[in-house]
Amino acid sequence: MLKKYPFIAITYTTCILLLSAAYAAGITFNIPFVQIVGDPALITKVHPFTGIISNIGALIWCATSTICLFSGIFLWRFKQRKEAIFLISSGVLTFILLIDDFFMFHDYILRSFKAFKIKQTITYPLYILLTLWYVKSFLKLILTKTNYFILGMAFTFLGLSMGLDFFMEDTNLKYFIEDALKFVGIFSWLVYFARSSYVLILDALSKPSH
């Protein structure tokens, strides 16, 4: 059965691994398991709309990563190797951003491990280097086969959001502007990759099969 339907084994193995990881995280950070699996709004007794923009942003990250990975695998089957690697790499990059953003990885998790002593001043340059490598690797494809203006806008808004951490004092206005720029950047990211995936798939389907 498992040999015939390997996705069944993969599906439930993934569920078990995620639950095990959640349990291990609860032990590591001394968090009751009921708080690990429960709804944050109910646990903290706040309005369900608390953090709604941040949560929508995480959903957009997730949607973008899914679109890229699915489209990349699809194009790989059509032997569109460069386009497939571009979208798969984009999906992985987006997934990294999702994990970091949703779980406050560099804001909180890494800082909780005193041995790492990782701060935003270190992680931001790493993100910049990763972004430069990504753009350099796929620059020709980006310029010739996608609407790179939208990607440029996404980088601009996300970059401005990051920059506010260094140039503005911590005020309500700063947090509003920072999160607003970040949200527009994330949404631009989704629009760019959704459109690019659509165009690249149509292009692959229009080519004669061999």
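Label point 7 Å out from PHE70 along Cα-to-Cβ: which residues of the stretch 135-154 have amide N under 19 Å?
none
What does the accessible area per residue of the chain come to in Å², with a 1.4 Å probe and no ligands, DNA or RNA counted? Don't jump to the answer; show the numbers that get you there.
Numbers: 14520 Å² over 210 residues.
Here the per-residue accessible area is 69 Å².
Filter the chain for me: DSSP H helices, axial length by Cα at least 30 angstrom, mean Kyte-Doolittle hydropathy not below -1.0. List them by residue number. Don't jump to the answer; show the numbers that get you there.
Details: long enough: 6-28 (32 Å, 1.54); 52-77 (38 Å, 1.47); 81-102 (31 Å, 1.18); 120-145 (34 Å, 0.84); 172-206 (51 Å, 0.88).
Length and hydropathy pass: 6-28, 52-77, 81-102, 120-145, 172-206.
Percent of accessible area on the chain owned by carbon and sulfur, 1.4 Å probe?
Working: 10530 of 14520 Å².
Using a 1.4 Å probe with all protein chains present, the chain comes out at 73 percent carbon and sulfur.
Please state, as a whole number in µm²/s, the translational diffusion coefficient that the Stokes-Einstein equation yields for the chain at 4 °C and 1.567 mPa s, with Rh defined as the Kirkwood radius across alpha carbon pairs.
Details: Rh = 19.6 Å.
Once the numbers are plugged in, D ends up at 66 µm²/s.
Taking the Cα centroid of the stretch 70-103 and of the stretch 1-69, what is the distance between the two, rounded to the nearest whole Å?
20
Run the numbers on the stretch 46-92 and let me know its relative contact order in percent, using alpha-carbon pairs under 8 Å that are six or more apart. Walk me through the numbers on the way to the answer.
Numbers: 32 pairs, mean separation 17.0, N = 47.
Answer for the stretch 46-92 is 36 percent.
Applying 1/(1 + (r/R0)^6) with R0 = 30 Å to the Cβ-Cβ distance of THR171 and CYS15, what FRET efficiency is obtained, to the nearest 0.05? Numbers along the way, then the final one.
Values: r = 43 Å, r/R0 = 1.43.
According to the calculation, E is roughly 0.10.
Please list the three semi-axes, largest first and in whole Å, of the ellipsoid equivalent to the stretch 4-70, using sqrt of 5 times the eigenvalues of its alpha carbon gyration tensor. Spell out each step's value before the answer.
Values: eigenvalues 137, 92, 18 Å².
Result for the stretch 4-70: semi-axes of 26, 21, 10 Å.
What are the chymotrypsin sites (Phe, Trp or Tyr not before Pro) within the stretch 1-86 that DSSP puts in a loop, where the Cβ has at most 13 other Cβ atoms within 10 Å?
Numbers: sites: PHE7, TYR12, TYR23, PHE29, PHE33, PHE49, TRP61, PHE70, PHE74, TRP76, PHE78, PHE86; in loops: PHE29, PHE49, PHE78.
Passing sites in the stretch 1-86 are PHE29, PHE49.
Determine the calculated [θ] at 222 nm for the chain from helices alone, applying -39500 (n - 2.57) to every DSSP H run no shorter than 4 residues and normalising by the residue count; nearest 500 deg cm²/dmol.
Working: 8 runs with 162 residues, N = 210.
Only helices count here, giving -26500 deg cm²/dmol.
The values are calculated or read from the model by the stated rules, or taken from the named source; none is laboratory data. Treat the numbers as computed from the prediction; the structure is a model and nothing was measured. Using ideal geometry, Cβ is built from the backbone for each residue, glycine included, and neighbour counts are taken over all protein chains shown. For accessibility, only protein heavy atoms count, side chains too; no ligands or nucleic acids. Shrake-Rupley method; radii C 1.70, N 1.55, O 1.52, S 1.80 Å.
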